[in-house]
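What follows is a set of notes on a single structure, which appears directly below.
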There are 2 protein chains.
Amino acid sequence: MHFYLKPKKKEEILLTLKALGDSFLKEIEEGKNPSVEIPTRTLRNVRFDEKNRRLYLGGYVSRRYLLHLAQIRSFTQLAGVAALAKKLIEEDKHVSLRETFYILKRTIPGLKRNIVDEQEESNRAVEDLELVINALREQLHINANKLGAVAGNVVIRDRGDLIDWSKLGSGGWSVPSNVEDIEFVKVDAKFVLYIEKSAVWERLHEDKVWKKLNCIIVASQGQATRGIRRLLQRLNYEHGLPIFVLTDADPWGIYIYSVIKFGSITLAHVSDRLAVPSAKFLGLKPSDVKKYGLEKHLIKLKEIDKKRLNEVRNYEWFKKNKEWQREFDLMAKMDAKAELEALAARGITFISDKYLPEKLKNEDWLD
Amino acid sequence: MHFYLKPKKKEEILLTLKALGDSFLKEIEEGKNPSVEIPTRTLRNVRFDEKNRRLYLGGYVSRRYLLHLAQIRSFTQLAGVAALAKKLIEEDKHVSLRETFYILKRTIPGLKRNIVDEQEESNRAVEDLELVINALREQLHINANKLGAVAGNVVIRDRGDLIDWSKLGSGGWSVPSNVEDIEFVKVDAKFVLYIEKSAVWERLHEDKVWKKLNCIIVASQGQATRGIRRLLQRLNYEHGLPIFVLTDADPWGIYIYSVIKFGSITLAHVSDRLAVPSAKFLGLKPSDVKKYGLEKHLIKLKEIDKKRLNEVRNYEWFKKNKEWQREFDLMAKMDAKAELEALAARGITFISDKYLPEKLKNEDWLD
């Protein structure tokens, strides 16, 4: 099991892709049936690794054959994505999942059917290929969506530009979908703060929190994008920076934290390459409501919130954590959630001047 | 009617806010009933200005009194937001609409009711204040959401930093929610391209379109944020740059264009401060499907698409435009929409190397 996949050199990935294609050709030439082994990505094969604390794929694998009536299509799709990835890396171009779908929606000379007809097919082929050649799809030059901004005492090199995250005005650096090729030139920060709301990021940025607390602040809107998760992971593994997650006191915020820390079920096959098991929850806790006098600003839980709360609290990693269970109990008892913005009622800059410094000083976070 | 509101000096806005407060105090001291005149923001007061081609508020106004059982609450809310805005400008701090709500969810000494109980109330008070003192809420330091990235041959000054939009690697500059205080130091570009999808922005950015075509590329996800609309307007008015809008060939993309160009019904009261009436549609047209051989990549219209198509095609400004009506007819006849990413089927960089240069050269856009 790989715990951290350093950004690979393009050449390595290219060699792996070529080796895969060569093995298919060789088997055909030898009159054999080309095949490839792929770990099964079904729920029953998703496990939680107690020791290393993250989701991963279990031992179920299946072998997929070219000359097999039920498998020829998915085999061809996998080969199609591999060929596209090789081309992309060679030409140093990147595409989105949606573009990948349109590019593969074509026939092969001599055949009448498209390689793929639906995006689900090309998406699945991309995920299969990630497993087969043990690389993230970002390393195959197939990108997810771009979202989010970052600021802090960091200098990076990217596409030949030297970029200083501390000198980008009110906007910050826009985090790309793919951070594999970013080179960290200077990292002068003690920790990283991921914020689930861009409006709160703007609050902290205006209050110069990254300067005062010597940290990096990064946000998207809601779930962290793959680009941001990978950025957090690189800062954590390559530069030893602790990662803190700042969200609302609601089941959705806690789920955002959970995905950053342990990975998600749908992306369990890459969680070792995206998750940060040491991440800490610095967001609003249900018990903070009383502590910070936010009783007036509670928002009653809706049915959908309650349902989500019950799902999240029963995740294996939360189930065994008494502190978390106390907070879940309290949320259920209050029958209410609370938002980060409610801290503005205590003062416009309360979150920057009091909440964050206090929490950090008292190590008032959850694991 | 104001067609373009240059970023106001903080001092001006502060004086206007103070004058408003003073007038209330004076009327109270004189034993009068303080009041304020506000244009009505109902649909029947939203007009389309044929000559200047944008939505605006008609002549209906209403006067709101402090000592009036049905109005005391909304009057107090307006005064509450005005007091907050004054404080924000004086302290040089910004807040979001959500923070505004939490800050105003408090009682006034001697009274038992909160100034506001729901965010709708504080939102409405902010919109009222925009009209009363003729300023954008961004100028009152109350920000909308932040989203999107920009790249191009532009240098700006923002919060003391000198930021070069051509030297920010793969990410670009993250556009803040508020662009009022940005100072343009160098603008070396012929036009601006707004793109409705960040994945397509990354395509154009990787292909160096802004360098090759000497333009600025900017994107959010879907509807342009207020920050981006204002950025487009400033580049258009202050620097004479034409604005082009690049979207899918579907009713939603055309609506995004429509809002950038003419304004939206809900924000009609500020459309003269956000709209760019000279903007052009450079997105995929239904007639482009045949031209670029995308027949294979059509997506059948759903009921919700058809409904939206009928709404959009009946907007006053599209109704009188024969070219647009032909395109709407064609979309209805094909019973299908098409996405920008489909151009990837013609070649990974087709959109950058062929589509855009050809469209621009042949002036193949819609008004």
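Spin-label model, A:THR42/B:TYR65: points 7 Å from Cα along the beta carbon direction are separated by 7.4 nm. Highest mobility in the GNM of chain A, judged by mean-square fluctuation with C-alpha springs under 10 Å and restricted to A:SER198, A:SER220, A:SER264, is found for A:SER198. When the alpha carbon gyration tensor of the protein assembly as shown is reduced to an equivalent ellipsoid, the three semi-axes, largest first, read 45, 34, 23 Å. In summary, the lysines within cross-link reach of B:LYS86, defined as a Cα separation below 23 angstrom excluding same-chain residues under 8 places away, comprise A:LYS208, B:LYS6, B:LYS8, B:LYS9, B:LYS10, B:LYS18, B:LYS26, B:LYS105, B:LYS146.
By how many degrees, between 0 and 90 and to the nearest 10, does the Cα long axis of helix B:226-239 differ from the longest principal axis of chain B? Once rounded, the angle reads 80 degrees.
Any idea what angle helix A:322-334 forms with the longest principal axis of chain A, computed on alpha-carbon atoms, 0 to 90 degrees, nearest 10? Tilt of helix A:322-334: around 70 degrees.
Measuring against 26 Å, Cα to Cα, the residue pairs B:LYS280/B:LYS306; A:LYS300/B:LYS197; B:LYS211/B:LYS359; A:LYS261/A:LYS306; A:LYS167/B:LYS361 contain A:LYS300/B:LYS197; A:LYS167/B:LYS361 as the ones spanning a longer distance. For segment A:149-361, with only Lys/Arg (+1) and Asp/Glu (-1) charged at the beta-carbon, what is the dipole magnitude about the Cα centre, in debye rounded to 20? The dipole of segment A:149-361 has a size of about 580 debye. Relative to the current alpha-carbon distance between A:LYS291 and A:GLU90, full extension at 0.36 nm per residue lengthens the span by 66.7 nm. Measuring between their Cα centroids, segment A:343-362 and segment B:118-158 lie 24 Å from each other. Computed over the alpha-carbon atoms, segment B:295-367 gives an Rg to Rh ratio of 1.02, Rh here being the Kirkwood radius from the mean inverse distance. About its Cα centre, segment A:278-325 has a charge dipole of approximately 80 debye under the convention of +1 per Lys or Arg Cβ and -1 per Asp or Glu Cβ, with nothing else charged.
Taking 14 Å as the straight-line reach from the Cα of B:LYS322, the aspartates and glutamates in range (excluding those fewer than 8 positions away in the same chain) are B:ASP367.
Take the Cα radius of gyration of segment A:149-361 and divide it by 2.2 N^0.38 Å, N being the number of residues; the result is 1.02. Shape of chain B from the C-alpha gyration tensor: prolate (a/c of 1.5 or more and a/b above b/c, with a ≥ b ≥ c the square roots of its eigenvalues). Estimated at 0.36 nm per residue, the fully extended path between A:LEU330 and A:LYS300 surpasses their Cα-Cα distance by 9.5 nm. Within the listed set A:LYS211, A:LYS51, A:LYS280, the Gaussian network model of chain A (springs between alpha-carbon atoms below 10 Å) gives the highest mean-square fluctuation for A:LYS51. Computed about the Cα centre, the dipole magnitude for the protein assembly as shown is approximately 760 debye when only Lys and Arg (+1) and Asp and Glu (-1) carry charge, each at its Cβ. The alpha carbons of segment A:224-317 occupy a box of 43, 27, 21 Å along the principal axes, longest dimension given first.
Restricting the count to DSSP beta bridges whose residues both fall in the protein assembly as shown, what percent are antiparallel, rounded to a multiple of 5?
Roughly 70 percent of the DSSP beta bridges within the protein assembly as shown come out antiparallel.
Over segment A:10-143, the reciprocal of the mean inverse Cα-Cα separation, the Kirkwood hydrodynamic radius, stands at 15.8 Å.
Comparing A:GLU183, A:GLU30, A:GLU323 in a Gaussian network model of chain A, where Cα atoms under 10 Å apart are tied by springs, the biggest mean-square fluctuation is seen for A:GLU30. Taken as Cα centroids, segment B:197-254 and segment B:315-340 sit 22 Å apart, rounded to the nearest whole angstrom. Chain B's nearest residue to the axis relating it to A, judged by Cβ and reported with the distance in whole Å, is B:SER174, 2. Considering only A:LEU343, A:LEU232, A:LEU274, and ranking their Cα positions along the charge dipole of segment A:149-361 that arises from unit charges at the beta-carbon of Lys, Arg, Asp and Glu, the one farthest toward the positive end is A:LEU343.
Working note: 222 nm ellipticity from helices only, DSSP H runs with n ≥ 4, each -39,500 (n - 2.57), summed and divided by the residues of chain B, gives -11500 deg cm²/dmol to the nearest 500.
Every number in this text was worked out from the coordinates using simple rules, so none of it is lab data. Remember, predicted model here, so these are calculated numbers, not experimental data. As a convention, Cβ positions derive from the backbone with ideal geometry for all residues, glycine included, and neighbour counts pool all protein chains shown.
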